């Protein structure tokens, strides 16, 4: 059995907790908060056996095997490294870091300690994504020519941590990372060149962004993201002989769909309607207990972070950035 600890009482836990409990070789054993009272109340509410009043206390506990880290972006790299140093495996929310050099640090500590660090892009382990990749692998849609993606929603809470530049806020980090990582996945490479535009909010973070990625293969990806437009989540993969349209690809829901559009009509591709978070939990447990490489490797995480920082650099400079 893999014994899990939650490093914080973040809102996303309510989606991850059922996924941990649904995994037959997992047990949710502990939760930590910066306040002992908050941790105790949370543990009682979610029926978690043990509560800790600091993150360090949980990391020091020998009965925790793996920690889930859903804290603000600015703390991801630091606490991932601290958890690895404490002998824990790590599932850390995206983005794994805010600088590719920090991903390199994580990789070095992971190699030295023999503990896994995996970025929690849950769409990467969902059957919908597998269906997209398998459709492209079959080759009957033809080579990929272009990619378009979008992820937007209205963020109205003025004190939300995603609006705080000190905590790694910004729409590109929060939601733009999805179409960016998805595009890299489809091409199976980092882009050769990146360019972006951004709209800054009162706190100085990007409340909206749009960008282009040019790959060495000739594929061009375009995307937009932000906190100031109605909910949109879609990927469009333009191939030589067909277009793949993926509705709600990033967090699977009943309206998620994969449609292949050709000149003579459209067809829907079936896939297993798994809950969105169960795959990433099962993937890490399999990696730990059975030795299979995790679906999201640290090389892939580095590629994503490098692409995102290049887009930010390009937006600030007003000129394309070569990776």
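For residue 127, the conditions (1) in contact with a helix residue (DSSP H, G or I) (Cβ under 9 Å, 6 or more places away or on another chain); (2) closer than 23 Å to residue 241 by Cα are fulfilled apart from (2). Tell me yes or no: at least one residue of the stretch 236-246 is in a loop (DSSP other than H, G, I, E, B), surrounded by 12 or more Cβ atoms within 10 Å (Cβ to Cβ) and modelled with pLDDT under 95. Scanning the stretch 236-246 turns up no residue that is in a loop (DSSP other than H, G, I, E, B), surrounded by 12 or more Cβ atoms within 10 Å (Cβ to Cβ) and modelled with pLDDT under 95.
So which residues in the stretch 276-298 are without any contact (Cβ under 8 Å) to a residue 40 or more places away in the chain and within 16 Å of the chain's Cα centre (by Cα), if there are any at all? Matches in the stretch 276-298: 297 only.
The residue that is surrounded by the fewest Cβ atoms within 10 Å (Cβ to Cβ), counting only those in the stretch 257-294 that are under 12 Å from residue 127 (Cβ atoms) and touching a strand residue (DSSP E or B) at 6+ places or on another chain (Cβ under 6 Å), is 269.
Here is the figure for the stretch 37-49: residues that are touching a helix residue (DSSP H, G or I) at 6+ places or on another chain (Cβ under 9 Å) and surrounded by fewer than 19 Cβ atoms within 10 Å (Cβ to Cβ) total 2.
To keep it simple, each residue is scored yes or no on (1) in the same structural domain as residue 165 (by TED's automatic domain parsing); (2) touching a helix residue (DSSP H, G or I) at 6+ places or on another chain (Cβ under 6 Å); (3) not in a helix (DSSP H, G or I).
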site: 253; (1), (2), (3): yes, no, yes
site: 274; (1), (2), (3): yes, yes, yes
site: 284; (1), (2), (3): no, no, no
site: 288; (1), (2), (3): no, no, no
site: 294; (1), (2), (3): no, yes, yes
site: 312; (1), (2), (3): yes, no, no
site: 315; (1), (2), (3): yes, no, no
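With the structure loaded, tell me whether residue 196 is part of a strand (DSSP E or B), surrounded by 19 or more Cβ atoms within 10 Å (Cβ to Cβ) and free of Cβ contacts under 8 Å to residues at least 40 places away in the same chain or whether it fails that test. Judged against the criteria, residue 196 is not a match.
Yes or no, residue by residue, for (1) out of contact with any strand residue (DSSP E or B) (no Cβ under 9 Å at 6 or more places or on another chain); (2) in the same structural domain as residue 205 (by TED's automatic domain parsing); (3) surrounded by 16 or more Cβ atoms within 10 Å (Cβ to Cβ):
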residue	(1), (2), (3)
58	no, no, yes
73	no, no, yes
81	no, no, yes
114	yes, no, no
139	yes, yes, no
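For the stretch 216-235, the set of residues classified as over 30 Å from residue 158 (Cβ atoms) and assigned to a strand (DSSP E or B) consists of 220, 221, 222, 235, listed by residue number.
A quick yes/no check of all residues on (1) part of a helix (DSSP H, G or I); (2) surrounded by fewer than 19 Cβ atoms within 10 Å (Cβ to Cβ); (3) on the phi < 0 side of the Ramachandran plot; (4) at pLDDT 95 or above:
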| residue | (1), (2), (3), (4) |
| --- | --- |
| 131 | yes, yes, yes, yes |
| 142 | no, yes, no, yes |
| 147 | no, no, yes, yes |
| 153 | no, yes, yes, yes |
| 178 | yes, no, yes, yes |
| 182 | yes, no, yes, yes |
| 186 | yes, no, yes, yes |
| 191 | no, no, yes, yes |
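Under the condition of being in contact with a helix residue (DSSP H, G or I) (Cβ under 7 Å, 6 or more places away or on another chain) and assigned to a helix (DSSP H, G or I), the residues counted in the stretch 296-310 number 10. Within the stretch 95-105, none of the residues are modelled with pLDDT of 95 or more, in contact with a strand residue (DSSP E or B) (Cβ under 6 Å, 6 or more places away or on another chain) and not in a loop (DSSP other than H, G, I, E, B). Condition first: under 29 Å from residue 323 (Cβ atoms), over 16 Å from the mean Cα position of the chain (by Cα), modelled with pLDDT of 95 or more and buried (at least 24 other Cβ atoms within 10 Å of the Cβ). Can you find one or more residues in the stretch 84-94 that meet it? Yes: one or more hits.
The values are calculated or read from the model by the stated rules, or taken from the named source; none is laboratory data. This is a predicted model, so every value here is computed, not measured. Every residue, glycine as well, gets a Cβ built from its backbone with ideal geometry; the counts of neighbours run over all protein chains shown.
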